[in-house]
Amino acid sequence: MIYLDHAATTPVPPGVADAVRGALVNEFGNPSSQYPLGRAAKALVADCRAVVADALGCRPEQLVFTSCGTESDNFAVRLAAWQGRHAGKHAITTAVEHSAVLEPFRQLEQEGWTVTYLKPDKNGNVTAAQVAEALRPETALVSVMLVNNETGCVFPVREIADVMRDAGSKALLHTDAVQGFLKLPFRADTLGADLISVSGHKLGAPKGVGALYIGERVRNPRPLLAGGGQEEGRRSGTEATAQLAGFAKAVELRRAGFEEKLAHMAAIKVYALDRLLALDGVVRVGGGTAPHILAVSLVGYPSANVVEDLGAQGICISAGSACHRGKASHVYEAMDLPKKVKAGVLRVSFGPETQESDVDALAEALRRHRDTRFPML
Ligand code: PLP
């Protein structure tokens, strides 16, 4: 199999699977239990928190573990909305966020909030100037992702924090860094965001674990899940010790030789651009600079058919985000791509283990598809 869909999810390295199994079998106690088995599980959770916090560049107590990136995003939007609820109920986000951010914003609209959706340019980028222009005295929340999951565009979160500060805004800044964590070198303590969402399964951890960084400007965080008071009362629910062990191990493995891994992915992306754009009928989509995500279009060839055809040959790529399940992507819609380019968009995404030969196989399969299938009229 040739796996070129690392933005959808990633393979779990054996070391991570071992860590998960170890926690399941040996440290199965409830971290709240007051005997050695429980204390061992509690210590495991603390160790995992220290590892992930160190990678994110924050203090362990600033990190709340969640069940996924989606939960982290929902939690962040809810936290900021709660804190800013008396300020006038205005929020800003982009039209190209993941649905894990857009849907909570739709809920806010149903509750009487006004939301400004920033439109990207034709390359998929949004600017800090757009945020500055949209800011109002009553803005309570700005949410702008760090890396777009469909185009690989890197959004200027640090600059956005600066323009918000310069404008004297009291709004909280959230960034969905699910596609940025350990794909770009950034630190929570210098990024300038108050809330940062991450997810484990985009970097080799099992699915079903994530984290939310909660900075100092977030006062009295109101839990999304209320109950037994775990995670310092910020997120109840018995800690998912095995997922956390896998998350921490995946983070450790990714950080080993981190710079080389980033450089490798970036080089593979350059190679893929060369190989794919050399094919007649393939164009680049957007100007994404993240090292692991590349969007192209086999113009006029419906992407669902391409994904299906290549999948049958053991080549995994995506027609945009895996979460769309065949629906037209709001991201490419917002970029105003020409109809036939939009129809043919393919997302190819790389991991540290991707080889040039994987890209060669993809290029060959795309060429065959183009030569043996009919394009749309
Ligand atoms: N945000 C972005 C940018 C994503 O790409 C994804 C997953 O594809 C999510 C959020 C949701 O993360 P999870 O799958 O852990 O819920």
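Any residue at all in region 321-331 that is over 30 Å from L44 (Cβ atoms), among the aliphatic types (A, V, I, L, M) and either surrounded by 18 or more Cβ atoms within 10 Å (Cβ to Cβ) or at pLDDT 95 or above (or both)? Spell out the reasoning first.
Residues of region 321-331 that are over 30 Å from L44 (Cβ atoms), as a first pass: 321-331.
Imposing the further condition that a residue be among the aliphatic types (A, V, I, L, M) reduces the set to 322, 328, 331.
Keeping just the survivors that are either surrounded by 18 or more Cβ atoms within 10 Å (Cβ to Cβ) or at pLDDT 95 or above (or both) gives 331.
Taking every residue of region 321-331 in turn, at least one turns out to be over 30 Å from L44 (Cβ atoms), among the aliphatic types (A, V, I, L, M) and either surrounded by 18 or more Cβ atoms within 10 Å (Cβ to Cβ) or at pLDDT 95 or above (or both).
For region 1-40, how many residues are outside any loop (DSSP other than H, G, I, E, B) and of a type in the set (S, T, Y)? Write out each step before concluding.
Kept after step one, since they are outside any loop (DSSP other than H, G, I, E, B), are these residues of region 1-40: 2-3, 5, 14-25, 36-40.
Imposing the further condition that a residue be of a type in the set (S, T, Y) reduces the set to 3.
Qualifying residue count for the region: 1.
Any residue at all in region 60-71 that's free of Cβ contacts under 8 Å to residues at least 40 places away in the same chain and not in a loop (DSSP other than H, G, I, E, B)? Even if it seems obvious, please write down each step before you answer.
Let us first name the residues in region 60-71 that are free of Cβ contacts under 8 Å to residues at least 40 places away in the same chain, namely 60.
Remaining after also requiring not in a loop (DSSP other than H, G, I, E, B): 60.
The answer is yes; a qualifying residue exists.
Being surrounded by 16 or more Cβ atoms within 10 Å (Cβ to Cβ) and within 28 Å of L24 (Cβ to Cβ) narrows it down to one residue among L244, L225; which is it?
L244
Which residue pairs have Cβ atoms closer than 6 Å, lie 6 or more positions apart in sequence or on different chains, and pair a first residue in region 187-211 that is charged (D, E, K, R) with a second residue that is modelled with pLDDT of 95 or more and assigned to a helix (DSSP H, G or I)?
K207/H201
I need the strands (runs of 3 or more DSSP E) fully contained in region 277-377, keeping only those with at least 2 residues that are away from the ligand (no atom under 16 Å from the Cβ), in contact (Cβ under 8 Å) with a residue 24 or more places away in the chain and of a type in the set (V, I, T).
Working: elements: 282-284, 293-298, 345-349.
Answer list for region 277-377: 282-284.
Are there any pairs with C-beta distances below 8 angstrom linking a residue in region 215-226 that is free of Cβ contacts under 8 Å to residues at least 12 places away in the same chain and under 14 Å from T66 (Cα atoms) to a residue that is polar (S, T, N, Q) and assigned to a loop (DSSP other than H, G, I, E, B), with the two at least 6 apart or on different chains, and if so which?
Pairs that qualify, where the first residue is free of Cβ contacts under 8 Å to residues at least 12 places away in the same chain and under 14 Å from T66 (Cα atoms) and the partner is polar (S, T, N, Q) and assigned to a loop (DSSP other than H, G, I, E, B), are A226/S236.
On the given criteria, is G168 within 23 Å of the chain's Cα centre (by Cα) and small (G, A, S)? Working first, answer last.
On the way: within 23 Å of the chain's Cα centre (by Cα): no; small (G, A, S): yes.
Considered against the rule, which asks whether it is within 23 Å of the chain's Cα centre (by Cα) and small (G, A, S), G168 comes out as no.
Is it the case that region 266-275 has a residue that's in contact with a helix residue (DSSP H, G or I) (Cβ under 9 Å, 6 or more places away or on another chain), part of a loop (DSSP other than H, G, I, E, B) and either buried (at least 18 other Cβ atoms within 10 Å of the Cβ) or modelled with pLDDT of 95 or more (or both)?
No: zero hits.
Could you pull out the residue among R158, R165, R106, R136 that is among the basic types (K, R) and either within 16 Å of the ligand (Cβ to nearest atom) or in a strand (DSSP E or B) (or both)?
On the way: R158 fails: either within 16 Å of the ligand (Cβ to nearest atom) or in a strand (DSSP E or B) (or both); R165 fails: either within 16 Å of the ligand (Cβ to nearest atom) or in a strand (DSSP E or B) (or both); R136 fails: either within 16 Å of the ligand (Cβ to nearest atom) or in a strand (DSSP E or B) (or both).
After applying the criteria, what remains is R106.
Test each condition in (1) touching a Phe, Trp or Tyr at 6+ places or on another chain (Cβ under 9 Å); (2) within 14 Å of the ligand (Cβ to nearest atom) for A250 and report the one that comes out false.
The failed condition is (1).
Within region 169-241, considering only strands (runs of 3 or more DSSP E) that don't extend past its boundaries, which have at least 1 residues that are charged (D, E, K, R) and within 16 Å of the ligand (Cβ to nearest atom)?
Numbers: elements: 172-176, 195-199, 210-214.
Correct list: 172-176.
Give the residues of region 160-191 that are surrounded by fewer than 16 Cβ atoms within 10 Å (Cβ to Cβ) and within 30 Å of I268 (Cβ to Cβ), sorted by residue number. I'd like the intermediate steps shown before the answer.
As a first pass, look at region 160-191 and keep what is surrounded by fewer than 16 Cβ atoms within 10 Å (Cβ to Cβ): 162, 165-168, 170, 185, 187, 189-190.
Matches in region 160-191: P185, R187, T190.
Scan V96, V52, V77, V101 and give me the residue that is of a type in the set (A, V, I, L, M), buried (at least 21 other Cβ atoms within 10 Å of the Cβ), within 17 Å of the chain's Cα centre (by Cα) and outside any helix (DSSP H, G or I). Working first, answer last.
Values: V52 fails: outside any helix (DSSP H, G or I); V77 fails: outside any helix (DSSP H, G or I); V101 fails: outside any helix (DSSP H, G or I).
Checking each option against the conditions leaves just V96.
If only one of D18, D73, D54 is within 16 Å of the ligand (Cβ to nearest atom) and at pLDDT 95 or above, which one is it?
Result of the check over D18, D73, D54: D73.
Limited to region 1-28, what total is found for residues that are over 30 Å from S349 (Cβ atoms) and without any contact (Cβ under 8 Å) to a residue 24 or more places away in the chain? Don't jump to the end; show me each part of the working.
Filtering region 1-28 down to residues over 30 Å from S349 (Cβ atoms) leaves 25-28.
Add one more test, that the residue is without any contact (Cβ under 8 Å) to a residue 24 or more places away in the chain, and what stays is 25-26.
Count: 2.
The values are calculated or read from the model by the stated rules, or taken from the named source; none is laboratory data. Computed from a prediction, not measured in an experiment: that's the story for all the values here. With ideal geometry, Cβ positions are generated from the backbone for all residues, glycine too; neighbour counts draw on all protein chains shown.
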